[in-house]
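Colleague: Sending over a structure as structure tokens; questions will come in a sec.
The values are calculated or read from the model by the stated rules, or taken from the named source; none is laboratory data. From a predicted model like this one, the values you see are computed outputs, not experimental measurements. Cβ sites come from the backbone with ideal geometry, for glycine too, and all protein chains shown count toward neighbours. These area figures cover heavy atoms from the full protein model, side chains too; ligands, DNA and RNA do not enter into them. Shrake-Rupley method; radii C 1.70, N 1.55, O 1.52, S 1.80 Å.
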Amino acid sequence: MRSVTTPLSRRALLAGGAAGAALLCGQTSASALAPAALQVGGSTRAYPLGGQRSAGLLSTGGLTVVSVDVDGGHMLGVTFPSGASTDTVSLRVRKAGGDWTAWSDLPLNDSEPDPDTAEGRRSVTASDPTWVGALGAGATVQVRLPTTDVADAHLQLVDAGESSALSRSTLASEVKASPKAVPQPRIRSRADWGADESLRKGGASYSDTIKACVVHHTADGGTYSLAEVPSVIRGMYRYHTVSLGWADLGYNFVVDRFGGIWEGRAGGITQPVVGAHAGGFNADTFGVSMMGDFTSVAPSAECLDSVAQVIAWKLSMYGLPADGVTYLTSAGGGTARYSPGTTVKLRTINAHRDVGFTACPGNVGFTRMDSIRARVAQLMGAATSTAIDAKYAAVGGAAVLGAPTTPENDTPGRSGSYRFYTGGAIYWNRTTGAHTVRGAILAAWGNLGWENGLGFPTTDDSKAKGGAYNHFQNGSIYWSAATGAHDVRGAIRSKWAALGWEGGPAGFPVTGDSKAAGGWFTHFQGGSIYYSAATGAHWTAGDIRARWAALGWERGMGFPTIDDTATPNGKGFYNHFQGGSIYWSPATGAHAVRGAFRETWAGLGWENSWLGFPTKDEYSVDGGLRMDFEGGTLTWNRSTGKITAKQK
């Protein structure tokens, strides 16, 4: 990255008002996760092949041809919910009044989510999908497959919906005008191809950074017209989400044979979104898939150049060279070339077959990988811009961040670089890439020591539920108008995330990560999370938290050893601490039970015993101490050390 001498103090920049606290957090550009304004209809129908009419065994033996009558649809595939004995199935189509097409061989799909994910656990064995165009009414599809697989197999018929609402200009092949040598190419949005966002399963998943790219082909025949491109993408999207059970379209970007680049999986084109394109290696990579089957034919020059453009742009944003190497650890999976936990040396630009047992991106497509790398290197070698310049352009430039107020400078430790603008800052290092930080979050990060405190940002400043946040290498900063900006780190952050982040019962943090007596804590709008090495991080709130606070927090009863928990009878809540327990019910309030009182009460059955909930903390009586409960008392005799239980 560029180094400029005598940079201005970042503290002075904050004090001088550049990106100061008066700037609003969270005013980012529209998220790709927001529902698209354009919704294009479509459907998916599954036909169990075991219930269809058989066209008989082939003479080669062991194979059956099954005929299915269908109406409508544009894309076909075959799924095997319990697995398949074959690597390839074949199908052909006859439209009403027409002749049979030639048989098309469909290999089993070799793109997949990583196995230890919810998406991976939903995934089923399936063929690649194939685009057949509009079938119309009265069509017949024949599927040729092993006889042993017929009973479990399903023909998937995808209707991609109508694309008449999409403008012709959407399909035009062009790039943005930009003075940058490596511009962001024109990337059509999910709305441009008509994504039905209701088909997505949950939000996007993100890696911490991008380390490499994986190039694919969709293995479809590639006979689509320019006008059909959005329909083909919608068909793949439905096949991946509805038929295969994936969370979203598997690829991060798809490139058509006319050179159009399209946003694939939702989550933000500049972000390290985890796809389902290279099983075992979806983390820290992005997938670019060429739309077509390049086993025996070559991708078009327009397609190859657009593939290189989107790769060059994305790599430059994360400071990666075209001819570099990286190390990735395999998550394993059915098609992964490497077993789980294996760390592999890879190139920054890989073919799918480099990481998986697959022919992707086709035999001829694979021969074009070196030319793709060379073109990416040419685009990046001619660049006069840096990753920070590329990021600035990608987020909207001056319209979002304002004009630059400093040159691009190295950080003091020379581990990265940064630039300030009137509306915020962009920070970069090789591990995290370039990300925006703004407003009160930027000010709080500066007060914590910039990259020497929480590390470099791993996300842009992003919208939260009622506020904004940035994730950093060593924690996060969350902001809302009611609470201000505060840091959350380590095990406390993990516990908060498990509770639902700011959308859960905790809400936003109201303090930063703070030292306790032997541990750490963060207070939130709805309660507190306390951590010690001995107890871990645990949540307490409401009257239990208030009672614990009145008794001296962790200096009184020690740290919580569990989260606030509902009692088995559902009548109240409790929390165990190192020095006792606090029990609460609406009728009794919150009271501490400690020592021998707690042991005796526990031995009788806790709140389910005849004593019920405590109604008063321990108090002094003649000769000892006493505790009151709903159903009686426990009295400790100082002389004998014994406890007497008395029923009301």
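Colleague: Ratio of alpha-carbon Rg to the 2.2 N^0.38 Å globular estimate for the range 462-529, to two decimals, please.
Modeller: Output field value: 0.99.
Colleague: Of all accessible surface on the range 544-635 at a 1.4 Å probe, what whole percent is carbon and sulfur?
Modeller: It is 49 percent, rounded to a whole number.
Colleague: Moving to a separate point now. Write down the Å³ per residue value for the convex hull defined by the alpha carbon atoms of the chain.
Modeller: 199
Colleague: Consider just the alpha-carbon atoms of the range 278-359 and return their Rg together with their Dmax, both in angstrom.
Modeller: Reported Rg and Dmax, both Å: 13.6, 38.
Colleague: How many times 2.2 N^0.38 Å is the alpha carbon radius of gyration of the range 496-603?
Modeller: It is 1.04.
Colleague: Right, here's the next one. Could you list which residues have their amide H under 5 Å from that of K211, counting only those 5 or more apart in sequence or on another chain, with H placed in the peptide plane?
Modeller: HN-HN under 5 Å from K211: T285.
Colleague: OK, next. Using the Cα centre of the range 491-648 as the reference point, and only Cβ charges (+1 on K/R, -1 on D/E), how large is the resulting charge dipole? Debye, rounded to the nearest 20.
Modeller: Value, rounded to 20: 300 debye.
Colleague: Let me ask another. May I ask you to list the trypsin sites (Lys or Arg not before Pro) in the range 350-441 that are in a DSSP loop and have at most 16 other Cβ atoms within 10 Å of their Cβ?
Modeller: Here the sparse-neighbourhood loop sites are R414, R430.
Colleague: Hey, another quick one. Given a cut-off of 24 Å, what percent of all Cα-Cα pairs of the range 296-440 lie beyond it?
Modeller: Cα-Cα pairs of the range 296-440 separated by over 24 Å account for 46 percent.
Colleague: Grab the alpha carbons of the range 57-137, take their convex hull, and tell me the volume per residue in Å³.
Modeller: 122
Colleague: What's the Kirkwood radius of the range 181-302 in Å, using all Cα pairs?
Modeller: About 14.7 Å, per the Kirkwood formula over Cα pairs.
Colleague: Quick one: what does P(r) look like for the range 424-517 with 10 Å bins over all Cα pairs, in whole %?
Modeller: That works out to 17, 53, 27, 2, in percent per bin.
Colleague: Still on this structure, please answer the following. Once the Cα gyration tensor of the range 237-323 is diagonalised, what are the square roots of 5 times its eigenvalues, in whole Å and ordered largest first, as equivalent ellipsoid semi-axes?
Modeller: 20, 19, 11
Colleague: Test of understanding: given the chain, find the longest segment containing no chymotrypsin sites (Phe, Trp or Tyr not before Pro) that are in a DSSP loop and have at most 15 other Cβ atoms within 10 Å.
Modeller: Result, exposed sites excluded: 104-356.
Colleague: Can you give me the pair-distance distribution of the range 254-302, C-alpha pairs, 5 Å bins, whole percents?
Modeller: Answer for the range 254-302: a P(r) of 4, 20, 23, 20, 18, 12, 3 percent.
Colleague: If every alpha-carbon in the range 196-243 counts as one equal scatterer, what log10 I(q)/I(0) does Debye give at q = 0.16, 0.20, 0.31 1/Å?
Modeller: -0.70, -0.94, -1.14
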